[in-house]
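Notes to accompany the following structure.
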């Protein structure tokens, strides 16, 4: 039997007794006029969000503090918090008692753009098969080309080859096998379930899979679990953060994939592959309610185009902003991006390291990596902003004029000192200049 008892040190396992204690402490500190706690009350409680003096704040009750705690954990009310905790505890009980597999009624394939659920699904009480469909299409070329797998293999080897420890033939084999399993899914399985979250990495791969099922035969049951938050004490970034009982709860939120979603996924994927990002930019301005996480992911993808102000992608811009404060290790920069700076976290660690390396390879680099740490693992290597990097932040230089390596964003080719597509953040649109 697996011990899945709630523990306070697991951010998405909420201990109700601990939260009751935290609410009492918060109320005590509010009544003692603690500025930080008063700010929390004003930020999360509609009754107090405009209170500017101590008199109305003195009327705060325990129920008010409980509401703040619930909303900080991502729930709208204290009663919803209690209900959520009870549901999680029930899920733990079912797992520990080896309840009947949740997907045991139909032969099921679970598709995910990574391995993070491969172990969690069986632990949560599923016995269906698993397909990792995880080519990081948000980086590198994705042209509309019949030799796309070969193109992707070449890119993955050149960009990540020394870090992913897989040969060219192995990568080709994995991509081909995933493509074949997706193509055969409708024949071999009665039900296919897509597990995807809200970031660019996930949404672009989801669009690719939806485009496939729009064009080809689909299984008798095609369902999707789409999630952009989960209650807990840290920022929700992805499904891989969640304990098995949370995955079990999300099963109850799955919905059938509709024809409208298939059509929208196909449109998004076709636009993503285009060398002209105008159609993708237009799509992010439209009503994409059928896939509610798509518009935000498209915008974040387009923000990786060179900015009209200094030629930096948003990731490059945020990296330099972090380094302007002080030198940091690569791992520390990645952590700050994911936790604090990045509006919609989408990068894997190796993907980020590739960006860092590219920022050192311009004729005039924006950053410098400590050459005395060549034997260190990349997260421990110290990174420093250069004078050119500082000039880019002050918009005195344009990154593309400093001759960085060429790169691809979907179907869009970005080359230094050439006319290229850029992102206008104020207008939220693409510009050719």
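Every number here is computed from the coordinates shown, using simple stated rules; none is lab data. Computed from a prediction, not measured in an experiment: that's the story for all the values here. Note that we place each Cβ from the backbone using ideal geometry, even for glycine, and neighbour counts take in every protein chain shown.
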Can you tell me which of 147-153, 415-421, 288-294 comes out highest on packing, and rank the rest after it, using the mean Cβ neighbours within 10 Å?
288-294, 147-153, 415-421
Of all DSSP beta bridges located in the range 100-268, what percent are antiparallel, nearest 5?
10 percent
Can you tell which of 337, 242, 106 shows the greatest fluctuation in a Gaussian network model of the chain with Cα springs below 10 Å?
106
Can you give the Rg and Dmax of the range 16-95 based on its C-alpha atoms, in angstrom?
14.0, 50
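Would you calculate, for the chain, the mean residue ellipticity at 222 nm contributed by helices, counting each DSSP H stretch of 4 or more residues as -39,500 (n - 2.57) and dividing by all residues, to the nearest 500?
Details: 17 runs with 196 residues, N = 433.
-14000 deg cm²/dmol, from helical runs alone.
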Using a 10 angstrom cutoff on alpha carbons, build the Gaussian network for the chain and name the most mobile of 154, 270, 370.
370
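With contacts defined as alpha carbon pairs under 8 Å and 6 or more residues apart, what's the relative contact order of the chain in percent? All intermediate terms of the calculation are to be shown ahead of the outcome.
Working: 670 pairs, mean separation 64.1, N = 433.
The value is 15 percent.
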Estimated inter-spin distance, residue 28 and residue 176, nm [label 7 Å along Cα→Cβ]
6.6 nm
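Given Cα pairs under 8 Å that are at least 6 residues apart, what percent is the relative contact order of the range 135-289?
On the way: 146 pairs, mean separation 38.4, N = 155.
Computed value for the range 135-289: 25 percent relative contact order.
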When the convex hull of the Cα atoms of the chain is projected onto a plane and the area is averaged over all directions, what value comes out in nm²?
23.7 nm²
Rank 165, 285, 139 by mean-square fluctuation in a GNM of the chain with C-alpha springs under 10 angstrom and give only the top-ranked residue.
165
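Of the beta bridges DSSP finds with both residues in the chain, what % are antiparallel, to the nearest 5? Provide the component values of the computation, followed by the final result.
Values: 14 of 33 bridges.
Given both bridge residues lie in the chain, the antiparallel proportion sits at roughly 40 percent.
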